[in-house]
Structure formats: C-alpha cells, structure tokens
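The values are calculated or read from the model by the stated rules, or taken from the named source; none is laboratory data. These numbers were taken from a predicted model, which means no experiment stands behind them. FYI the Cβ positions are ideal-geometry reconstructions off the backbone, even for glycines, and counts take in every protein chain you see. Note: accessible area is taken over every heavy atom of the protein model, side chains too, but ligands, DNA and RNA are not part of it. Shrake-Rupley method; radii C 1.70, N 1.55, O 1.52, S 1.80 Å.
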Amino acid sequence: MDADPLSPLDRPHSYIGRSLPRPNLARLTQGRGRYVSDLALPRMLHAAFVRAPYAHARITAIDTTAARAMPGVAAVMTAEDMAPLVTPWVGVLTHLQGLRSPPQYPLACDVVRWQGEPVVAIAAATRALAEDAAEQVIVDYAPLPPVVDAEAALAPGAVLVHPDLGDNLAYSRRIDTGAVDAALAEAAVVVGARFTFGRHTGVTLEARAIVADWDPAEARLTVHQGTQVPHMMQSVLATHLGLSEAQVRVVCRDVGGSFGIKIHVYPDEMATVAMAMRLARPVRFVADRMESFVADIHARDHIVDARIAVRADGTITAFDVDDLTGIGPYSAYPRTSAVEANQVINLIGGPYGHANYRARARVVFQTKTMMSQYRAVGHPIAATVTETLVDLAARRLDLDPFEMRRRNLIADDAYPATSPTGLRFEGLSHHAAHARLRDMMGYDGLRAEQAALRARGVHRGIGIASFIEITNPGPAFYGVGGARISAQDGAVVRLDASGSVVVQASVTEQGQGTEAVLAQVAATALGIEPARVRVQLGDTDAVPYGGGTWASRAAAIGGEATWQASVALRANILALAGSMLQAAPETLDLRGGAVVDAADGRERMTLPELARIAYFRQDTLPRGVQPELIAARHYVPRDYPFAFTNGVQASLLEVDVETGFIRLLRHWVVEDCGTPINPMLVDEQVRGGVVQGLGAALFEHCRYDAEGNLQTTTMADYLVPMAGEMPDIEVAHVSTPTAESALGAKGAGEAGTAAAAAAVLNAVNDALAPFGVTITELPITPEVVLRALGRG
Amino acid sequence: MTAGPVSITLTVNGEDVAASVPPRLHLADFLREHLSLTGTHLGCEHGVCGACTVRLDGAIVRACLVLAVQADGRAVETIEGLSASGEIADLQAAFIAHNALQCGYCTPGMLIAAQDLLRRDPHPDRAAIREHLSGNYCRCTGYHAIVDAVDATARGRADGR
Ligand code: FES
Ligand code: FES
C-alpha cells in the first residue's frame, strides 16, 4: 500500500464524513432514470409465463397449440424445449455441510412445487399479447397434497416435496458451547417462549426486470438486469447457458430497489435469457406485482423456541435456541437458503457477554414460494428473540430494560472479543450507544409520561433493542463454499486529459449512494471536488471484477478499493509533477484541483495543465518519464471474516386495547458503522431499513391457506408501510472505525432492519404489561393484539 | 380478446398527440411504451403504490387506473413536462438536498403528489404531508427525508424563495 502521511479524515479539504448530496439524483428527480423496465431495444419481444395454480401437482399434459398460433407470438416453450438450452442449477455450498437441494430448472418438469412456479414461457410482440397467449395454453394437473406447515413437514409420514431425498430436511446445524444445562439449572430465572415470524418479501417498487439480447454474429449475450451482482450473474449465465464468461456481458444501470431480492437466480429470468438466445431477438421480462409476490424470494418464515438463563443479579448466563424455517421447494442458487437460519443461530445473544450457548437450526422443504436472503438476513429474527427474552427476564427481576442491558452488554473496552458462537468482534460500542440513545430519547421523561398516561387508560410502550450486524464479509462467506461470488472488489481510477477523474468500480448502485461515496473518496485522495469525479458502475465489460452489492459492503469495500487506487494514482501524479517541476514528489501535494507545495499550499500547476502535458506534450518531458495517470486496486477484508457493527434502537408507540391498533409515535436509532463516509446517506439508509423492519413488525405477511395458496398477491392484501403510518426516525452515530482498512468504514445497509421489529415488539409488550400478556408473534396485527388480550 | 384500435387525440406536456391505441391500454403504458415517456413508473398496476401518478386536466390521477382512451381530448402532464417547465424545480432541488430518494423509482410520482399538496395547502405540517403522501409507496427511504424535503419547499415558497 502506498503510504499516506495523513489519514483520510484529516487530509485538507477531506470530503469523507461530509453530508454531500448525491451527484446522480437530478436525473432521477426528472424521470430520466435508466431502469431496465424502461429499456426498449429494436425487435424486442416481451415475456410472460404460465404459472402453476397449485402448490403441489403433477403436470399430466401441456397443450400449446392454440397459443403458438396466435398473432404476435414468437415462442411458447416448455421444460422440454428449455432442456437443450439451459442446464439446471443446485443451490448448495460445500461449507454448509449436509445442505441438500435437488436440481432446479427454468420451467417446471413433471411436478410443480409452489403456486406461481413457471411452467410455460411465452415471448410475443407485447406483454399484453404474451399474456393473451398464456391464457390459451392448456395445462392439465393432477393435484398432490401440499406441504405447507414447516413442523408438519418433518413429522413421520409427511408428504415429501422431493421423494428422492427421503425426508423434507434440507439442512440442520447444532452449536453447543459451554455448559448450558448447568447454567439453566443454576439460574435464578429461566424464561422461554415460542416465537413465530410471518414470511415476508422485498416488494421492490420496480419489480425484477431483465432484457436479454443475444447477438449470434458476435456470439455474445448482453443481459440488462436490475441486479446487485453483475459479475455473479455473468458467471451463472455463462455456466448454465453453455457460454464462456467472455461471451456474457451484464449491464445494470438504475435499479428500482433491491434489498437482497435481486441477488438470486430466478427460473423466469433464466427462461427469458434462453428464449432470447433461441430467437436471436431481445426479450424483456418485467414481473408484474402478482408475479413478484409469488416468485420473488420470500424471507423470515421461522418458528423459534428459545429460553434464557439469568442469575438473580440479572447476569445472563445462557441461551438455548431451536430454530425451524421453511424455505419452499429448493435452496436458492447460488447463495443457498441455509444462510438465514445459520445467521439466526450465529447472532442470537450477540450483544451480550454470556459464555454458554446451545442452538439447533433446521431448514425444511415446503411447497411454498422459495425463501432466501433478504435485507438483514437472519438479523431481525435473532434480535427479536434475543431482545424479547432479555426484556422478559428483566421484568421478572424487576430491572429496567436499560439497566438489564448495562449489566450484560460486552464492555466497550473488552475488544477484540469472541462470542460463544465463534463470532469475532474487532471493536464494538454497545455501552456508548446505549448511553447516547437514552439521552437522545429522553428516556426518564418518557417513562414518567407513560405512567401518567397509563393512569388515564392510555397504553404507551417503550421498547429497546440492541443489535449487532454482519457487514463486509470476506471470502469465508461464499467463496470458500465453492461459489463464484467474489468477496473482493476493484476500482480503476484515472485522470483524464481534461484533468477530471473517472472511477470504474465493481460495486453497484441500488440507490444507497455508492456513486456519491466513491466520488467523495476519490476526490479526497486526489484533492479535487467530487463534482469533477465521474463514477461508472454496473457493466461487466467496463468495470473491474468484483462482488457487487450485498451484505452491506458496497461503501466500505468498494470505497476502500477506490481509496487505495486513488492513493496510487496520486503517487503517480505527484511523481510526474515532480519531474515536470524539478521537485521531490514528497514536497508536493494535491489540493483544490492543483499540484501545490505541501509545506505552504502554494499552487504549482493545475491538474488540467498537468494532464495537458501528460497527454499531448510528452515531448517536453524528461527522457524515460512515461505518464501513467491510471491506477487499479482491489480490496478484500482478510483479518476478520466480517466487520461487525453494533447499535441500539428504541420505539415509542401506543396500543389501542379496544381495537388492537398500534400507533407508532417515535423511533430512535444509534448505530456504529465505523467511519461514516457520508452521514446523510447513512441516516437515510438506516431509516429506510427501519421502515422495512417496521413493516415486518406490524403489517407485512405472505399469508398462505391450508392448500398452499398465497392469499396476499396484491398490494391491497399485502400491506406495506406508507408515510402516514410511519413515525419520524431520529438517527445518531457512535464511531468505532475498523483498523483493517484505511477508511475505517463498516457497512450500514442493514442496521435499521436488524432491530426495528424487536424494538416494536418490546414496546408493545411494555404497553401491555399491565394486562400480564406477552406477544411473541410478528407481524403484530390488531387481531394478534386482541387475541393476546383475550378479546379476539 | 382484443378489440380494434381506437383513435385518440390529447395533449401530453403541452404537445398535441394523435394515436391509435387498443381500448384496454392504460395511460401509463401508453406514456411509457408508445410515447417513450418512461418517467411515469409502474409499481403495482392496481392503484395502490402511486408510482404512476400523473396530472390529467390538472388533477392527479393514477395512470395505471386510467385507460388511454379516457384521456382522449384531455391534457396529460408527466414528470418530464413538470421538469421542463420548471414548475417543481425547487421541490426537485429539495429532494436532492435532503436525500429524499434512493433508487428514485417512486420519486416522479412522489414529486407530483407533493406538488399537488403544496398547490392546495401551502403550509402543511408534517402530519399533513405524511397524510397526503400516504398513497405513494417508497421502499427505500424511511419517508422522513421526503417529509423534510416537502416541508423545506413549503417554507421556501412561503419566504418567496
Ligand atoms: S402503478 Fe399505478 S398505483 Fe401502482
Ligand atoms: S427511492 Fe426507491 S422506492 Fe422510493
């Protein structure tokens, strides 16, 4: 690494840590975004699908004759037609030992295993014509019994989703450290509960969208996709369509929201690409909202039985956990559907200092929509279980929730530390964060107000929830399991002939502000204004190879790669300037768009002037001096498998005990993402994450009937949080930079989602404490509240 | 099945447009697919998310719930037109300054709905802003910054800025 005498934070005119507006927003506010669902190519066709109407059925016949004969219809394809074009995929990774999943195909062969599984693919001149043709396809089914309930799926004699596998268990894992039984036996208080979590899904406002374009003359496939992971998709498409990676270009411009939904391989998208190759014409598939509900990845379908052991002084000594989750009929490819359960049992109890921990996770097949990673994978489950148990124990011991946590959170000076589940923490700030939160929310005043209102029959609740968040995963997350998913990201930074800077990086923009963050980082290292840095992302033909956006890594990992590349470019610029100015490079610096004397800041030469000479007047340079105004660097964290962050949230709400309605009044978050490169962007990331967590707490639920039919397939049935129901959300920061990188940034994308629901559940239970009832179910609908109160 | 095309004439952002459209085509698809005005977005196509919000004869409507043939003889304004005229330039600037958008997919509809509020109620409080925007779904922001931006615009207009 090129040594820099100044840290990024104290360089003169640093843009790191400043709340600058994002450079790419003007076009989005003017309707000039370039989303995949807007893209229209010459001769483009539109895809639609015939989807399974049953959760589980055998396909006995498919008749596509009428559909094929319709005007404007270019292709009607079944699994049989797809077979020569696309090889199946299997969603397992070797490091998730024992994980099983059968091959999955773009279109169902013989048996459909969830309602909405694509069966027949159609390409036609317009989407409307493709849908008309879909209505003319006749598929005969022999219904099979559905496998809906995850517990029943494991019972002896259960119907098997995949008879060849022998049972419905996809994966299981146990952790047992310390002496849990002894801790339980010695505890003054053991409290336990069964927690149930409603399935929910991402509901990105722009649905999944893909335009596939095969050019037979060049033998090249260009796929425009709203994705978080262009290079992963390049590899997947090449592997399963029989191409080399060099034949596949994945382009991702603007994406209308992702949140982990747009990181998986979807059968309908693979079928779309296969149709484009067969027809040698561009084909566009944009899921409609109903297709999104039945075919986008779902998440968080968990039942957790858990208990906590606590001494009389409030010291937590053990957690004992059993997690059961149903993932639909296949483990998702290529990241699998075992990671969520794995993270649940890794993360439970994470903020606290207990030594004994036992957990089991079981992942089962069902005939429901597939389940896999969605924003804050596993975290909301872990935080809800942990924080509810901590509060229940505190109540039994008559301890205030803050005091209970103060007695148990890992001390701020105890790092590095390792959790009983083996998580390694470089440096966290739980106590500082709690103190900040307590102060920010005016806790004592709120408690006094709560008591006064209670006397008048108004039931307010205050809920606290601590959390840790996994960010910046290294190669141990996926790469070690054999997946071509890079944990590394790269950046190329160059000074153009005009003296402006271009950054090309492998991380992507999903709206979180990656472009802004990279521009701020490069501008800081190169001493220019961010407005003079142009950032290019999301094109496998143009940018360095890398992982993309997942697990809260874009700013921290992509930012660090950009920092390192910019520092290297800076050294090249200063060396060149030194030879032009007959000065030692170390006596020079870059500030305000110019080469200056490091000592007194006197301007020696502007960057446009330096670039002019470097690109057009090499004849004036000394012999042997070759300007290289470009630098590339890659970055992957190696010291720790993850950069853990921490924080704490609080919710204030009011429960109407007559109707069961919950009104959110305020929400607070204190989080520690290390160095916040742009605090304004971090704040709104956190708030957006909180609102997704609040949706899960109160509204969002993919409800199934006993036959496995999804009941919530419109936005009128599946409720999402809207502005009117959401509170103002106050965000504050504590900063514990990671020493692993020069910037010290950790991730911030999932912190909000991690503990919002836990804070709300604790607040609801706090409000209902006078009634002696406890709710351990999400979403907390009015019906759940009334049932708990015995009024349902 | 499809009935034959229908001829319509309307103005879109002040320009005369004549077209022949299938009767089942909704206005949002007409704007997006026939006129390439892709700033009008689609999030649900059943009237819940507000991504498709446009103005029809001055009033805001959900373009996914209006058929193109129903716009015959009327005036449609989209985000492209409101941007070009400068009518919402201050609101757009406030959205940028407050980071009131992430992916931006909700933003055109959000801006048009917010401008509708500000035309009718120049001094809304935060609750009124939240209430008026309650038909516009945003998955990315926490709504907080959107409320900040609309609030700041209202104050700016009151100060004659
Ligand atoms: S697309 Fe019209 S309201 Fe959602
Ligand atoms: S900014 Fe993405 S939906 Fe609002």
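Overview of results
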| item | result |
| --- | --- |
| Residue that is farthest from the chain's Cα centre (by Cα), among those in the range A:627-643 that are of a type outside the set (D, E, K, R) and either modelled with pLDDT under 90 or in a loop (DSSP other than H, G, I, E, B) (or both) | A:Pro627 |
| Residue that is nearest to A:Gly511 (Cα to Cα), among those in the range B:86-124 that are surrounded by fewer than 21 Cβ atoms within 10 Å (Cβ to Cβ) and free of Cβ contacts under 8 Å to residues at least 24 places away in the same chain | B:Ile96 |
| Some residue of the range A:705-715 being closer than 29 Å to A:Thr471 by Cα and within 12 Å of chain B (Cβ to nearest Cβ) | no |
| Selection within the range A:448-480 - surrounded by fewer than 24 Cβ atoms within 10 Å (Cβ to Cβ) and of a type in the set (A, V, I, L, M) | A:Ala448, A:Ala451, A:Ala452, A:Leu453, A:Ala455, A:Val458, A:Ile462, A:Ala476, A:Val480 |
| All positions within the range B:45-103 that are more than 13 Å from the chain's Cα centre (by Cα), within 16 Å of ligand 2 (Cβ to nearest atom) and of a type in the set (Gly, Ala, Ser) | B:Ala94, B:Ala97, B:Ala100 |
| Flag for A:Ala376 being touching a Lys or Arg at 6+ places or on another chain (Cβ under 8 Å), surrounded by 24 or more Cβ atoms within 10 Å (Cβ to Cβ) and not polar (S, T, N, Q) | no |
| In the range A:301-359, residue modelled with the highest pLDDT [restricted to those that are in a loop (DSSP other than H, G, I, E, B) and of a type in the set (Phe, Trp, Tyr)] | A:Tyr330 |
| Boolean, A:Ala554 is aliphatic (A, V, I, L, M), out of contact with any strand residue (DSSP E or B) (no Cβ under 6 Å at 6 or more places or on another chain) and more than 14 Å from every other protein chain (Cβ to nearest Cβ) | no |
| Verdict on A:Thr222 being surrounded by fewer than 24 Cβ atoms within 10 Å (Cβ to Cβ), touching a Pro at 6+ places or on another chain (Cβ under 9 Å) and hydroxyl-bearing (Ser, Thr, Tyr) | yes |
| Test set (1) within 16 Å of ligand 1 (Cβ to nearest atom); (2) open to solvent by 10 Å² or more (accessible area, probe 1.4 Å); (3) of a type outside the set (Gly, Ala, Ser) - A:Glu269 fails condition number | (1) |
| Given (1) facing chain A (nearest Cβ under 8 Å); (2) open to solvent by less than 40 Å² (accessible area, probe 1.4 Å), number of the condition B:Ala68 does not satisfy | (1) |
| Condition check for A:Tyr718: within 10 Å of chain B (Cβ to nearest Cβ) and over 19 Å from the mean Cα position of the chain (by Cα) | yes |
| Set B:Gly47, B:Gly39, B:Gly43: member being touching a Leu at 6+ places or on another chain (Cβ under 6 Å) and facing chain A (nearest Cβ under 7 Å) | B:Gly43 |
